[in-house]
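The values are calculated or read from the model by the stated rules, or taken from the named source; none is laboratory data. Please read these numbers as outputs of a predicted model, since none were measured by experiment. Note that we place each Cβ from the backbone using ideal geometry, even for glycine, and neighbour counts take in every protein chain shown. For accessibility, only protein heavy atoms count, side chains too; no ligands or nucleic acids. Shrake-Rupley method; radii C 1.70, N 1.55, O 1.52, S 1.80 Å.
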Amino acid sequence: MAETRVGVLTGGGDAPGLNPAIKGLVYRGSELGLEVVGLFDGWRSLMNPAPEVLKLDREMVRRWDRDGGTNLGSSRTNPFRLVNEQGESIDRSQEVLENIQKLQLDALVVCGGEDTLGVAARLAPRGVKIVGVPKTIDKDLNGTDYTLGFDTALRNVSEVIERSRTPAGSHGWVQIVEVMGRHAGHLALWSGVAGQSHLILIPEHPFRYERVFHLLRERLGESDLSRGLGQRPRYSVIVVAEGACAQDGELVTIDDRHDAFGHVRLGGIGEVLARRIASETPYEARAVVLGHPQRGGPPSPIDRIMGMMFGARAAEAVAAKQFGTMVSARGVAPACELSLVEIETVQGKINLVDVERYYDTERYHLKAIGM
Ligand code: F6P
């Protein structure tokens, strides 16, 4: 059987589950006559005048299912908008097309989120034969119910919430845990439920400071003296999504720089909230920003399973020449239906928490569990 030569790349923020996906692609691909080569650092690899590839066979990827991050490296490169030495933004997508030819790639498997797959969606009409694999710890991608990395990040964040309870309880303070997710609150909401935080603030529903203070008073009592006598908790844990914002406030950002896809880096709402609590209530407050370790460590069992299944499904799509598509999961991982959706589905819309269905806008928590 004549082999189809497939390049695979991983772009955007790293996520546990990417390496299992590559293993699934290579293993299933080896049964379907695919020769798989790895491209380094996302789309950046195809901007290189002398692009290198890594031959990926069963022996090479045999142990990749247990590796976090991405063994191919990643970057947030946008070939449609690269900044030159004069500071001008230029379109270098033609170089990507030329490199695909130079490397004699018959097809590309692109593992990424909204941005990396958005580039894929713009290249597909120009003749690039692409199959996408969805990944992002934010779980905000349109067209799929699961994105690789979410479950591991959920595990990582839930563990920290759980562990923040003892210092907060011992000292009697309000612990704020700031969680990633960009403009979506999936990670904050579900880690807050799993770690049993007292309050959860998500981007989809702007919060009111007065309401947060009221809910704290309700739990902790009015003063230091009313706490610590075994009658009521003497601490509280609040999970706040980095993209959450008060009704009368603004998004809090690390600085005013934008990345190649036009995103600002979010961060700092936890500290803003801590200062307001400390100045407007009787309670001491501390904030921690969990940052990149949320995406760190070995993939969870769900991310291993979903990664390998997504990768294998992508191999089948390539073998069947079902290009211009993305692998999609419907239902709760891992017992879910896999199918293919048009790759353009990822553009122009993100998947947010369904507030009506899941979020209690009075208690700032998951609906209908009596928190
Ligand atoms: O999209 C994944 C993510 O981890 C977001 O949750 C977060 O806002 C962003 O990436 C951080 O960007 P960077 O990895 O460039 O610091």
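Annotations for the structure displayed:
- Check on Glu242, out of contact with any helix residue (DSSP H, G or I) (no Cβ under 6 Å at 6 or more places or on another chain), closer than 19 Å to Tyr364 by Cα and without any contact (Cβ under 8 Å) to a residue 40 or more places away in the chain: no
- Checking each residue of region 94-116 against the condition of being assigned to a helix (DSSP H, G or I) and in contact with an Asp or Glu (Cβ under 6 Å, 6 or more places away or on another chain) gives no match.
- Verdict on Ala287 being at pLDDT below 95 and open to solvent by 20 Å² or more (accessible area, probe 1.4 Å): no
- One residue from Arg66, Arg76, Arg122 being open to solvent by 50 Å² or more (accessible area, probe 1.4 Å), touching an Asp or Glu at 6+ places or on another chain (Cβ under 6 Å) and under 28 Å from Ala184 (Cα atoms): Arg76
- The number of residues in region 238-267 being within 30 Å of Pro79 (Cα to Cα) and either away from the ligand (no atom under 14 Å from the Cβ) or assigned to a loop (DSSP other than H, G, I, E, B) (or both) comes to 11.
- In region 6-53, the residues that are open to solvent by 50 Å² or more (accessible area, probe 1.4 Å), more than 16 Å from the ligand (Cβ to nearest atom) and not in a loop (DSSP other than H, G, I, E, B): Tyr27, Arg28, Ser30, Glu31, Val53
- Test result for Pro293, within 16 Å of the ligand (Cβ to nearest atom), open to solvent by 30 Å² or more (accessible area, probe 1.4 Å) and either assigned to a helix (DSSP H, G or I) or touching a residue at least 12 places away in the same chain (Cβ under 8 Å) (or both): yes
- Gly192, sole failed condition from (1) open to solvent by 10 Å² or more (accessible area, probe 1.4 Å); (2) touching a residue at least 60 places away in the same chain (Cβ under 8 Å): (1)
- Filtered residues of region 129-142 (kept if crowded, with 21+ Cβ neighbours inside 10 Å and either among the small types (Gly, Ala, Ser) or more than 19 Å from the chain's Cα centre (by Cα) (or both)): Ile130, Val131, Gly132
- Here Val318 qualifies as open to solvent by less than 60 Å² (accessible area, probe 1.4 Å) and either touching a Gly at 6+ places or on another chain (Cβ under 8 Å) or touching a residue at least 40 places away in the same chain (Cβ under 8 Å) (or both).
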